[in-house]
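Derivation of every value follows stated rules applied to the coordinates shown; laboratory data play no part. Note that the coordinates shown come from a computational prediction; the quantities given were computed from them, not determined experimentally. Heads up, the Cβs are rebuilt from the backbone with ideal geometry, glycines too, and the neighbour counts pull from every protein chain shown.
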Amino acid sequence: MNKRFLGYAAFFVVLVMLFLYFVFAGTDQWKPKLATISYVKPFSFTTQEGKEFTEQNYQGKVSVVEYFFTTCPSICPKMYVNMRSIFDEFKNEPQFQVVGITSNPSWDTVGRMKRYSDSLNLDPKRWILLTGRKDSLYTAARVSYLLDDPNNAVESIEDQFIHTQFFALVDKNGNVRGQVYDGLKKSEIDMLKRDIRKLLKEKQGGENAPNLFK
């Protein structure tokens, strides 16, 4: 009786394993996933080329997002050096892009962002700089990308200024993944590069697609 039971149990286990193999073979669903910590809410900003850029422009792309301003004399140049190393590593990946969002839109107009982009020889199709309304830009930083404390919004928008060294990672479905990465720490830049590679291998859609009912 025990031998027969063990035989049935072994057969059932093999059957389940075969079922799982055929379900997940050829997909990446069995692999450990980077955590989803947020998702990009609807927005409409303007690029350095004067074109509209919305949450739809994240679809099908793996994006690294930062906040900066063109006249920053302190951490922004250091962040640029590290972001450039990230971009150079993935510049041949058509599904990769960098998105830099100004925290000083009253100065960083489209024209000034264009001159700044040209001075650094940025590819405007792959390294996008965004400007827009200050309240909308700041809401995105806090609610979508988690790059600033939402409690800072209690102040008048005129008195607020975001000056953050952190990067966000957005997947092909518009989800913010992994963690908030310190753009000044080599160890976290290296981690970010590893996580970018993971997301580039993921297919668009599936279980990490945005939930329309969030």
What does the highest-first list of 175-183, 125-133 look like by mean Cβ count within 10 Å?
175-183, 125-133
Going down the table (Lys41/Lys114; Lys78/Lys201; Lys41/Lys193; Lys33/Lys193; Lys33/Lys201; Lys33/Lys203), which pairs top 18 Å between alpha carbons?
Lys41/Lys114; Lys78/Lys201; Lys41/Lys193
Could you please rank Met113, Met79, placing first whichever residue has the fewest other Cβ atoms within 10 Å of its Cβ?
Met79, Met113
Semi-axes of the range 117-161 from the Cα gyration tensor (sqrt of 5 times each eigenvalue, largest first, whole Å) come to 26, 12, 8
Give the residue from Phe87, Asn104, Cys76 lying farthest towards the positive end of the charge dipole for the range 75-142; charges sit on Cβ (+1 for Lys and Arg, -1 for Asp and Glu) and the dipole is referred to the Cα centre.
Asn104
How big is the range 31-203 on each of its three principal axes, counting only the C-alpha atoms and giving the largest first in Å?
46, 36, 30
